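The values are calculated or read from the model by the stated rules, or taken from the named source; none is laboratory data. Note that this is a predicted model, so its numbers are computed, not measured. So basically every Cβ, Gly included, is an ideal-geometry build from the backbone, and we count neighbours across all protein chains shown.
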């Protein structure tokens with residue numbers, strides 16, 4: 001299965017009732033990495049939107065821990081056979097990607113492009129919530 005474009009991902013995330021973010025597909029030498037970054041406003045409302053999205057995915061067991069269990073070490077054509085990445089509609093036989101989402105941390109910076117790294121500011125969530 002091919003990766004989704006930014007517009008498609010924006011629409012899919014809105015279908016889940018999550019708003020405020022803008023998607024950016026991540027690419028490497030081999031093409032789409034199967035990862036889409038959602039950027040939110042750099043203020044309190046953006047942080048709330050990002051946390052709401054992370055909580056949504058965590059609640060349905062599709063957060064960081066779940067992603068770590070199903071994520072293949074290297075993407076391959078067999079990914080569409082991985083039941084942790086793709087679900088098949090019992091009636092139609094249509095394959096649909098399973099979405100995972102989590103709040104990024106500093107360790108996730110190695111997965112993003114140079115431009116995104118330059119524009120990113122890392123702040124401690126613990127300190128942010130303590131000062132509010």
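When each of 92, 36, 19, 74 is tested for being modelled with pLDDT of 90 or more, on the phi < 0 side of the Ramachandran plot and not in a helix (DSSP H, G or I), the lone residue that passes is 92. Candidates are the residues of the range 39-59 that are touching a helix residue (DSSP H, G or I) at 6+ places or on another chain (Cβ under 9 Å) and outside any helix (DSSP H, G or I); the one that is farthest from residue 103 (Cα to Cα) is 41.
Take the residues in the range 7-21 that are free of Cβ contacts under 8 Å to residues at least 40 places away in the same chain and closer than 18 Å to residue 59 by Cα; name whichever of them is surrounded by the most Cβ atoms within 10 Å (Cβ to Cβ). Ranking the candidates gives 18 first.
Yes or no, residue by residue, for (1) surrounded by fewer than 17 Cβ atoms within 10 Å (Cβ to Cβ); (2) within 29 Å of residue 117 (Cα to Cα); (3) free of Cβ contacts under 8 Å to residues at least 40 places away in the same chain:
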site: 28; (1), (2), (3): yes, yes, yes
site: 34; (1), (2), (3): no, yes, no
site: 62; (1), (2), (3): no, yes, yes
site: 70; (1), (2), (3): yes, yes, yes
site: 83; (1), (2), (3): yes, no, yes
site: 93; (1), (2), (3): yes, no, yes
site: 97; (1), (2), (3): yes, yes, no
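Of the candidates 68, 28, 46, the single residue that is within 17 Å of residue 4 (Cα to Cα) and modelled with pLDDT under 90 is 28.
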